[in-house]
Every structure is written in structure tokens, then in C-alpha cells.
Amino acid sequence: MTRQVGTKINRLLKNWPNGTVAALSWLESQGITRQLVHEYGKTAWVERIGQGAFIKSGDQVDWKGALYAVQTHLKLLIYVAAKTALALHGVVHFVPLGKGQQIYLFGAPDAKLPIWFKKHDWGVTIEHVRSLFLSNEGEQIGLTEVSHGAFSIRASSRERAILEICFLVPQSQEYEEAKLLMEGLQTLRPKLLQTLLERCDSIKAKRLFLHLAESCNMPWLSKLDLSKIKLGTGKRSIATGGILDAKYQLIVPKVHEGGSDDPERP
């Protein structure tokens with residue numbers, strides 16, 4: 001290996017956070033050509049894990065290190081969401097993030113995960129929801145950086161995550177678990193919640209969020225201005241044969257323990 005190549009690899013390794021994927025576009029921004037990447041591969045510095053994606057040889061990289069490249073190198077609006085985000089924030093310790101678990105990512109409809117991300121075995125199941133969950137003007141409201149060792153990744157705040165959970169009910173999120181998660185969120189920020197609810201385009205998610213917040217007697221609920229939140233007209237349903245929450249015109253599953261969901265509530 002020439003001195004010039006040696007100098008470049010030293011600089012590259014210094015700028016490359018441990019535990020992360022490097023996209024080819026980022027490598028090129030560091031002055032590393034495709035030819036040099038090939039040379040590094042021959043000297044066991046770099047390992048190719050897919051088309052246009054590399055890791056340091058011998059490095060341990062999980063889905064979070066891969067998402068780092070998606071967010072930081074490829075500049076895609078794809079982020080950790082729903083109950084996976086709550087787990088990253090340490091809110092719900094019973095939601096595992098380890099091997100074999102389901103990981104929720106949200107993103108704009110035009111933000112596609114790269115082929116190398118989807119084809120590589122990260123040891124988890126990735127559910128990538130591509131949706132206009134919030135209006136375009138609010139697509140990055142309530143996102144935050146979560147540190148993970150030598151790097152950080154973008155994830156939903158607790159406020160945005162619980163609204164995303166409501167968005168997923170009932171297709172890929174159970175009502176009962178959504179309610180349990182809501183019960184653990186006593187200290188959400190009303191100002192951020194207000195903004196998110198005003199920008200959210202899902203009538204069902206907003207109604208379910210408010211229904212759960214009221215059912216769980218959340219202390220911050222009284223600080224929201226519901227008159228500014230568009231809840232649409234007509235009934236919405238998340239359960240066949242359920243009961244009607246008349247206030248929010250939402251049909252929810254029957255609750256057999258505790259009896260907190262009253263079909264006759266005003």
C-alpha cells in the first residue's frame with residue numbers, strides 16, 4: 001500500500017464512526033474513489049455488505065448503524081418511530097430492541113430504503129411505514145437525535161411516537177398495547193402535542209390518541225386546545241363489534257378488565 005493510500009485510510013478510519021455503515025457517496029466525499037475502496041478491500045480494511053455500502057472489517061454493525069448511513073450519508077427522511085422510538089428513549093423497557101424483534105421506521109412516501117439495507121440480515125424485522133403521517137410543513141416536527149455509542153440517529157420524540165402508535169392501530173398495533181403505552185407517558189409536553197395534533201393528517205390517529213389520553217386520565221390533556229384540532233366528521237372504527245366512544249365518534253374494542261371504556265360515555 002502506498003503512503004498516499006495509507007494516509008487516506010488513516011483519515012477515513014478516524015472520520016468513520018465505529019458501528020456504522022459507510023455509503024459509497026460518503027466515502028467519495030472523503031476522497032475515497034471506487035478504486036481505492038477496492039484496494040482497501042484487498043487489504044482487509046473494508047468489507048462490502050451490499051451495493052454501495054461498506055463496513056470496517058471486523059466491525060459489529062446493527063440496524064442502527066445502518067440507519068445512521070441512511071440518514072446522514074444518503075440524507076433520507078427515514079427515522080425510528082412508534083414503540084421502537086419509545087424503547088430508544090427508555091420509556092418502555094418491556095419493548096425489546098434485540099435480535100429477532102420488529103423495528104418500526106417511518107418516512108415520507110418518496111423516501112425508500114436502499115436495497116443494501118433491505119437485503120442485509122440485521123437480525124431484526126424492519127417495518128418501514130411510508131406515509132404522509134404529518135402535513136409536509138410538519139414532517140420533521142417532534143424528531144430528535146438519540147445517541148448510540150459513537151454516533152446518533154434520528155427518532156421520534158415520545159410525543160410523536162405515541163401518535164404514530166395510534167396511527168398503526170389496528171393494522172399492526174394492538175389497541176390494548178397502545179393503551180398500556182399511553183399510561184406510561186404522564187409527562188408529555190402539551191405544546192409539542194398541540195402542534196403535532198394540528199399537523200397530523202390522520203383523523204383516526206388523532207381521535208384514538210385523545211380517546212386513550214382521556215381513558216388514562218393524562219394530566220397534560222387539559223392543556224390541549226381541542227378546538228384547534230381537526231377531528232373530521234362521521235364515525236371511525238378500529239374494532240369490529242366494538243363499543244362507541246360517543247365523544248370522539250370512535251368504535252374501539254370492548255375492555256373486559258377495569259371497564260374504563262363505557263359505550264354510554266357522553
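The values are calculated or read from the model by the stated rules, or taken from the named source; none is laboratory data. Not measured: the values here are computed from a predicted model. Using ideal geometry, Cβ is built from the backbone for each residue, glycine included, and neighbour counts are taken over all protein chains shown.
A few remarks follow.
- Of all residues in the range 51-86, those satisfying the criterion of being at negative phi and small (G, A, S) are A53, S57, G65, A66, A69, A81, A85.
- Yes/no for V21 being touching a helix residue (DSSP H, G or I) at 6+ places or on another chain (Cβ under 7 Å), buried (at least 21 other Cβ atoms within 10 Å of the Cβ) and under 21 Å from I103 (Cα atoms): yes
- Identity of the residue in the range 62-77, among the aliphatic types (A, V, I, L, M) and out of contact with any strand residue (DSSP E or B) (no Cβ under 6 Å at 6 or more places or on another chain), that ends up surrounded by the most Cβ atoms within 10 Å (Cβ to Cβ): A66
- Flag if L208 is at pLDDT 95 or above, surrounded by fewer than 18 Cβ atoms within 10 Å (Cβ to Cβ) and either within 19 Å of K191 (Cα to Cα) or within 25 Å of the chain's Cα centre (by Cα) (or both): no
- Set side by side, the residues L244, L231 differ, and just one is in contact with a Leu (Cβ under 9 Å, 6 or more places away or on another chain), surrounded by fewer than 20 Cβ atoms within 10 Å (Cβ to Cβ), assigned to a loop (DSSP other than H, G, I, E, B) and free of Cβ contacts under 8 Å to residues at least 60 places away in the same chain, which is L231.
- Selection count, the range 110-165, where residues are without any contact (Cβ under 8 Å) to a residue 40 or more places away in the chain and part of a loop (DSSP other than H, G, I, E, B): 5
- When I203, I251 are checked against the criterion of being farther than 24 Å from G184 by Cβ, at pLDDT 95 or above and assigned by TED's automatic domain parsing to the domain that holds A161, I203 stands alone in meeting it.
- The helices (runs of 4 or more DSSP H) falling completely within the range 6-96 that include 3 or more residues that are within 18 Å of the chain's Cα centre (by Cα) and closer than 26 Å to L132 by Cα map to 63-72, 82-88.
- Candidates in the range 211-225 are the residues that are part of a helix (DSSP H, G or I) and out of contact with any helix residue (DSSP H, G or I) (no Cβ under 8 Å at 6 or more places or on another chain); of these, the one that is surrounded by the fewest Cβ atoms within 10 Å (Cβ to Cβ) is S222.
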